[in-house]
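One structure is given below, encoded as structure tokens.
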Amino acid sequence: MGFFVNYSKPGKGVSKEEAAKRNYFDILGRRFWDLVKLNLLFVLCNIVFIGAVVLFSMPYIMELDTVIDALIWNRYILLPPGPFIPFMFMGPFIAGFTYVLRNWSRQEHAFLVSDFFEHTKKNWKQGLALSIISTVATYLYLTALLFYLKTGVATEVILFLGAVVAVVLLIMGFYTYPMVVTFDMKLIDIIKNALIFTMAKLPQNLFFFIIIAAVHILLLWYIPFAWIVLMVFILIAWSGYTMNFYVWHVINKYMMPQANKQEEENVFDNKREDGLD
């Protein structure tokens, strides 16, 4: 996989033997209450931004029928930018959140609070840049989707292509923050690698994406209040853990080959010293 740009930060990788022993449900069970605490910490750190989203969205929610009519019938209407703006500032906290989840998912220790804030601070520039880029991309994507729905092209075609683009962008988000907290790379290389991983591992990515999306969609559709409560207490951390559990397997395999090779050589040397060759 020579396409990937690989600049590792100092740190020991995880051997193939250790990676193979990882069990999703075993880690989830052992870390369940830690995930609840991490979820609450993440929500608390972003409470101002979450409150701003609700505040900026409320006028449009109260006049939802009017807004929908305007979006459907007014050819030149733009989405209100206010509800999107707060998301632009969450990136640094997502980086700290991701560091802790990455370590837990690969069965390494992480201090919940101190490591969260340390890596929030350490990766704040790239975290902030990523959240700005992803928010702007989301806004432009939705605006473009509304525009093309009014151009006379078959609605089914537009919705299908829009769904494909949305899924690709969302899956790329699986990889960006884990790479930010693991490698010393330029942002453009992180985005490039995320796109390559998204396409190269599309079936596996879709499997995990569908699981996460199905849980959120079903809860929102049938019991929205439960979705809100679970988002506060566990659902954000569970979603992040599920992403990181799979993503780390891919990143470790394709972006840390030298570390894995060195570990294999060390194991081989130790066997020789013990007379096991």
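The numbers here are math on the coordinates, done by the rules we state, and not lab data. In this text the structure is predicted, and so the values were computed from the model without any measurement. Using ideal geometry, Cβ is built from the backbone for each residue, glycine included, and neighbour counts are taken over all protein chains shown.
Note on residue 43 and residue 223: their simple-model spin labels are 1.5 nm apart, each label 7 Å out from Cα toward Cβ. Applying a threshold of 24 Å to the alpha-carbon distances of 37/121; 122/192; 121/201 flags 121/201 as lying beyond it. Classification of segment 173-257 by its C-alpha gyration tensor yields a prolate form. The axis ratio a/c (a ≥ b ≥ c) is 1.5 or more, and a/b outweighs b/c.
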